[in-house]
Amino acid sequence: MTRLINRVRVWFTLARRRAIQGFVVAAAPVLVTLGIITGDQVQHVLVITAAALQGFAGLLSLLNLSPAAAGTWFTTVGRGVIYSLAAAVAPAAAALGFFDERVSTNLLTGLSLGLTALAALVSVLNPPPDDGGASLEIPLSDLEPKHRA
């Protein structure tokens with residue numbers, strides 16, 4: 001399995017992702033002409049394609065991290081990245097007719113609550129390194145009265 005993931009990672013370069021996105025951009029007028037999508041749907045298809053390519057590239061990068069590093073990534077950056085991708089894709093999917101705006105809003109709300117709960121669980125299972133309470137200590141110089149000369 002690791003060999004397959006490494007082969008995909010080597011193949012799925014930034015240049016290849018750009019080429020895929022370029023192909024979708026070039027294919028869009030053909031899809032409109034054939035009546036598969038409408039002109040209004042082109043932008044939404046491009047948003048979903050870009051989000052899928054970016055999300056897959058990010059997933060491949062995460063596979064290199066240790067569980068602790070992945071947990072730290074999720075609680076510091078990942079939760080926002082996942083929500084941002086969903087916030088871009090959900091309205092586009094609604095505009096394409098996969099579901100209505102009410103369902104889109106409910107999905108984003110559920111995702112937000114789920115990500116918050118998952119971040120709390122990850123923080124419990126992957127606490128930051130113990131600094132011996134140093135972060136809680138107040139330097140004595142901060143407690144001394146300040147005199148003006």
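Laboratory data are not the source of any read-out in this text; all were calculated from the coordinates shown. Treat the numbers as computed from the prediction; the structure is a model and nothing was measured. Positions of Cβ are backbone-derived with ideal geometry, glycine not excepted, and every protein chain shown enters the neighbour counts.
Averaging 1/r over every pair of different alpha carbons in the chain and inverting the result gives a Kirkwood radius of 19.3 Å. Here the 3J(HN,Hα) profile of region 21-34, calculated from phi with Karplus coefficients 6.51, -1.76 and 1.60 at θ = phi - 60°, is 4, x, 5, 5, 4, 6, 7, 4, x, 5, 4, 5, 4, 7 Hz, Gly and Pro shown as x.
Each peptide in 2-14, 76-88 receives the mean, over its residues, of other Cβ atoms within 10 Å, and ordering these scores from highest gives 76-88, 2-14. Under a Gaussian network description of the chain, with springs only between Cα atoms under 10 Å, the residue in 71, 55, 97 that fluctuates furthest is 97.
Spin-label pair residue 52-residue 84: with each label point 7 Å from Cα along the Cα-Cβ axis, the two points sit 2.1 nm from one another. Dipole check for region 2-127: with +1 at the C-beta of Lys and Arg, -1 at the C-beta of Asp and Glu, and the Cα centre as origin, the magnitude is about 600 Debye.
The peptide list 101-110, 44-53, put in order of mean Cβ contacts within 10 Å with the highest first, becomes 44-53, 101-110.
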